[in-house]
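The block underneath contains the structure these notes are about, expressed in structure tokens.
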Amino acid sequence: MKLLVDSGSTKADWIAIDDTGKVLFTTQTLGLNPEVLDKDEVIARLDDKFDISHNKDKASHLYFYGAGCGTDRMKDFLTEVFKKYFTNAAVSVHEDTYAAVYATTPKNEEAIVSILGTGSNCSFFDGTILHQKVQSLGYIAMDDGSGNRFGRSLIRGYYFNKMPLELAKEFEEEYNLDADYIKANLYKEPNPNAYLATLAKFIIKHKDNEFCKKIIYKELKKFAKNYIMQYDNCKTVPVHFVGSIAFYLKDELEEILTKYDIKIGNVLRRPIDGLIAYHILNK
């Protein structure tokens with residue numbers, strides 16, 4: 001049994017397949033970002049799902065693609081945790097961009113592949129290897145255009161009294177905006193970036209509102225300039241996207257990239273289905 005995992009900071013999609021590619025089960029855990037979780041929390045999130053905990057000894061391979069796995073230290077940390085948990089499995093840990101690449105890019109083709117979900121990332125794939133110009137420093141310093149940046153902007157707009165009154169009223173009705181609650185989620189609970197990203201649904205829902213529209217275009221322009229345009233060939237190869245922010249703001253993305261003469265390619269909400277086809281072809 002092979003386990004394929006696509007993990008962001010908010011959630012992780014799991015699919016178990018046999019050697020023919022037949023799906024044995026699918027499930028979802030909370031995100032397994034090693035930059036914000038310790039070993040005990042990772043294991044707790046695995047134990048919380050019956051399908052995973054009760055089939056862990058049956059797994060022969062674990063292919064994990066995750067946010068926060070862009071450095072050797074984080075890869076080694078998760079690999080060690082997984083090897084102790086899935087005792088019979090060969091474990092392979094990659095940064096989440098590889099999942100996006102394998103799901104969106106035809107074999108041996110060149111493309112720039114971006115992730116716009118809870119966090120953000122961007123790499124050039126030369127057909128074999130990923131090349132990254134910008135190393136992520138995490139959600140506090142980077143993540144332009146991501147869900148957590150949108151959430152941060154909404155909270156700031158609300159608390160600095162910049163949000164229009166009618167919009168602020170609706171924001172209050174949909175979310176707990178008590179200061180103590182917000183601060184607890186930002187400074188005391190795990191995954192503060194994922195908490196911020198939960199607010200992004202509101203900005204997508206109201207994307208035609210002028211206040212929200214300005215935030216959306218500002219962040220997506222920053223992503224294009226700070227990430228995509230790092231690559232000299234960004235105007236000659238397709239730029240693929242994976243992630244809920246890219247999926248639900250595809251029209252806005254395409255409008256912005258067109259102004260920079262950049263061609264948008266495939267846009268997927270999540271890459272997990274494409275990973276099945278990839279691993280069947282490359283078993």
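Applying the Karplus relation 6.51 cos²θ - 1.76 cosθ + 1.60 with θ = phi - 60° to region 201-214 yields 3J(HN,Hα) values of 4, 5, 6, 5, 4, 10, 5, 8, 5, 4, 4, 5, 4, 4 Hz, where x marks Gly and Pro. Build a GNM of the chain with springs between Cα atoms under 10 Å apart, and of Lys49, Lys169, Lys133 the one that fluctuates most is Lys169. Peptides 102-109, 245-252 ranked from most to least packed give 245-252, 102-109, packing being the mean of other C-beta atoms within 10 angstrom over each peptide's residues. Report the Stokes-Einstein translational diffusion coefficient (µm² s⁻¹, integer) for region 141-283, Rh taken as the Kirkwood radius over Cα pairs, at 37 °C with viscosity 0.692 mPa s. Roughly 196 µm²/s, to the nearest whole number. If the elastic network links every pair of Cα atoms under 10 Å, which of Ala224, Ala184, Ala194 fluctuates the most in the Gaussian network model of the chain? In the Gaussian network model the winner is Ala184.
Stokes-Einstein diffusion for the chain, with the hydrodynamic radius set to the Kirkwood value over Cα pairs and evaluated at 4 °C in a medium of 1.567 mPa s, equals 66 µm²/s. Cross-linked pairs Lys162/Lys263; Lys133/Lys214; Lys133/Lys201; Lys84/Lys225: Cα-Cα separations exceed 31 Å for Lys162/Lys263; Lys84/Lys225. Summed over qualifying helices (DSSP H, 4 residues or more, each -39500 (n - 2.57)) and divided by its residue number, the chain shows a 222 nm mean residue ellipticity of -12500 deg cm²/dmol. Using only side-chain charges placed at the Cβ, +1 for Lys and Arg and -1 for Asp and Glu, the dipole size of region 221-276 relative to its Cα centre rounds to 140 debye.
Each 5 Å bin, from zero up to the one with the longest distance, holds this percent of the alpha carbon pairs of region 51-206: 2, 8, 14, 15, 15, 14, 13, 10, 6, 3, 1, 0. When only the Cβ of Lys, Arg, Asp and Glu is charged (+1, +1, -1, -1), the dipole of the chain relative to its Cα centre reaches about 340 debye.
Cut-off 10 angstrom, C-alpha nodes, Gaussian network model of the chain. Which of Ala16, Ala100, Ala168 fluctuates the most? Greatest mean-square fluctuation among the candidates belongs to Ala168. Of all the accessible heavy-atom surface of the chain, with the other protein chains kept in place and a 1.4 Å probe, what percent is carbon and sulfur? Accessible surface attributable to carbon and sulfur in the chain totals 48 percent.
Centre-to-centre separation between the Cα atoms of region 215-239 and those of region 159-189: 30 Å. Taken per residue, the accessible surface of the chain reaches 49 Å², heavy atoms only and a 1.4 Å probe.
The values are calculated or read from the model by the stated rules, or taken from the named source; none is laboratory data. The model shown is predicted, which means the values in this text are computed figures rather than measured ones. FYI the Cβ positions are ideal-geometry reconstructions off the backbone, even for glycines, and counts take in every protein chain you see. All accessible areas refer to the heavy atoms of the entire protein, side chains included, with ligands and DNA or RNA removed. Shrake-Rupley method; radii C 1.70, N 1.55, O 1.52, S 1.80 Å.
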